[in-house]
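Asks: Here it is, the structure in full.
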Amino acid sequence: MQLLQYLSDLVFLAAYVGCFGAFSAPLCMEQERMYVERMLSGDDDARKVLIEHNLRLVAHIAKKYIKAGRDSDDVISVGTIGLIKAVSTYDPTKGVSLAGYAGRCVENEILMRIRAERRQVSALSLMEPIGTDSDGNDVLLA
């Protein structure tokens, strides 16, 4: 159920950014505090506002991983999932700002994805062609 909510939020945010082409400005401290309180009391619209106004943070963090030759849409999508998780699990009593907490969550989500991709690449199939011989036939490790 929670995964479905994350995907729903991701589609909403992608459509929002796609339609308007720009990120919303960050909230001031008072606004952020008000929306956090509303979110903690169960207001789903407040949660969406917090996510929407922190998308700029995702883009900022994603920049350093996009430069490493990764697809920008993939990195931003994964980072957005991290942001959604961060907003959903944020606890203001811990003494950390939402942006600070969300930044760590976004970066962790991107790094987990990169590690998963590396594990997939390191798994090599014995039946996968590794080249061709002089006659043009595939050369297999097996």
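Every number in this text was worked out from the coordinates using simple rules, so none of it is lab data. These numbers come from a predicted model, not from an experiment. Every residue, glycine among them, receives a Cβ derived from its backbone with ideal geometry; neighbour counts consider all protein chains shown.
Asks: Inspect all residues belonging to the range 101-109 and state whether any of them is within 19 Å of the chain's Cα centre (by Cα) and either within 30 Å of residue 138 (Cβ to Cβ) or of a type in the set (Lys, Arg) (or both).
Replies: First, pick out the residues of the range 101-109 that are within 19 Å of the chain's Cα centre (by Cα): 101-109.
Narrowing further to those that are either within 30 Å of residue 138 (Cβ to Cβ) or of a type in the set (Lys, Arg) (or both): 104.
Taking every residue of the range 101-109 in turn, at least one turns out to be within 19 Å of the chain's Cα centre (by Cα) and either within 30 Å of residue 138 (Cβ to Cβ) or of a type in the set (Lys, Arg) (or both).
Asks: Out of the range 84-98, which residues are surrounded by 15 or more Cβ atoms within 10 Å (Cβ to Cβ) and among the aliphatic types (A, V, I, L, M)?
Replies: Result: 84, 86, 87, 98.
Asks: Let me ask something else. Quick one: how many residues across the range 20-74 are outside any helix (DSSP H, G or I), among the basic types (Lys, Arg) and surrounded by 12 or more Cβ atoms within 10 Å (Cβ to Cβ)? Write out each step before concluding.
Replies: Let us first name the residues in the range 20-74 that are outside any helix (DSSP H, G or I), namely 21-28, 41-43, 53-54, 67-71.
In the following step, the residues that additionally are among the basic types (Lys, Arg) were identified as 67, 70.
Then drop every residue that is not surrounded by 12 or more Cβ atoms within 10 Å (Cβ to Cβ), which leaves 70.
Result for the range 20-74: 1.
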